[in-house]
1. Only residues that are part of a helix (DSSP H, G or I), out of contact with any helix residue (DSSP H, G or I) (no Cβ under 8 Å at 6 or more places or on another chain) and among the β-branched types (Val, Ile, Thr): list them for region 35-86, please.
2. Considering region 74-84 alone, what residues qualify as being modelled with pLDDT under 95 and of a type outside the set (D, E, K, R)?
3. Return only the number of the condition from (1) buried (at least 20 other Cβ atoms within 10 Å of the Cβ); (2) out of contact with any Pro (no Cβ under 8 Å at 6 or more places or on another chain); (3) part of a loop (DSSP other than H, G, I, E, B) that TRP198 does not satisfy.
4. How many residues, within region 108-126, are hydroxyl-bearing (Ser, Thr, Tyr) and closer than 16 Å to SER153 by Cα?
5. Could you list, in sequence order, the residues of region 99-124 that are crowded, with 19+ Cβ neighbours inside 10 Å and either at pLDDT below 90 or of a type in the set (S, T, N, Q) (or both)?
6. In region 87-140, what residues are assigned to a loop (DSSP other than H, G, I, E, B), basic (Lys, Arg) and more than 19 Å from TRP173 (Cα to Cα)?
7. Would you confirm, using the coordinates I've provided, whether LEU185 is hydrophobic (A, V, I, L, M, F, W, C), under 25 Å from THR143 (Cβ atoms) and under 16 Å from the mean Cα position of the chain (by Cα)?
Amino acid sequence: MARIQRSVALGCVVMLIALHAVAQDKPPSGRSGAYEAVRRQVERSGVKVGQSVPELKVFTLEGKPAKLSAAWTARPALVVAASITCPIAQNSCPSIVLRERELGPKVHPVILYTVEAHPRDGRSPYAPFTGRKSGFPHDQPDTLEQRLELARSFAKRVPGVEVLVDAMDNAAWKALGGGPNMALLIGTHGKVLVKQAWFDPTAMAKEIEKLPDPPAASSSAGETCRDSGPVRHSWLSAAHSAVLLQAADLSR
């Protein structure tokens, strides 16, 4: 009975996250002032559509060095910037998990965890908010370990989605445009196909649908391997794998 209750509780949590993401599945269009200022800044900064993304060093959640370009070697990547003190990112990023069913194995989604947008101490990199103390209980990290800790907390909002962490010089954030919740669709050749100053999940899904279907050999979402469990061919299988593993841990 205890196992059943824990499984039901886990299912309720996942459902609440899903419903919240559906309700917030829209960019901050219609908002003025600071948000539009950030939009204009991101649009004219960093790589543009058609340009190649430079080689950028990032870190895994475990703190191991990695290359951001590895995200798009096998298939196009959707790279979305986020931080735990960005309310827009908190609302938009969970929709990546939900849209796996629609978008299937066409893209590799990646959250790029960046500099904090609205830290408690007011050290925001965005001019309209610099010096303003926020209601978030997190200061701007001074060390990589501090940023990794916040990134791990944010990762719980997007189960099954890869989260990579920018270096403390914020090189990846700057190179891509310097936005708190920007989104880039990057092809396997490393060139930017689509760039959004603010992540718009609905509009991005339409762009992803235009991508060619992957080879038949790699499109068998849901296929399983006898020894290693579900094969992570799509966003959906990755997210489901994470949820199933959590359920298994709770039921022990």
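1. VAL42
2. Correct list: ALA74 only.
3. With (1) buried (at least 20 other Cβ atoms within 10 Å of the Cβ); (2) out of contact with any Pro (no Cβ under 8 Å at 6 or more places or on another chain); (3) part of a loop (DSSP other than H, G, I, E, B) applied to TRP198, the lone miss is (2).
4. Residues meeting the conditions: 2.
5. ARG99, GLU100, LEU103, GLY104, PRO105, THR114, SER124, listed by residue number.
6. Those that are assigned to a loop (DSSP other than H, G, I, E, B), basic (Lys, Arg) and more than 19 Å from TRP173 (Cα to Cα): ARG99, ARG120, ARG132, LYS133.
7. No.
The values are calculated or read from the model by the stated rules, or taken from the named source; none is laboratory data. This structure is a prediction, so every number in the text was calculated from the model and none was measured. Glycine gets a Cβ as well: all are built from the backbone with ideal geometry, and neighbour counts include every protein chain shown.
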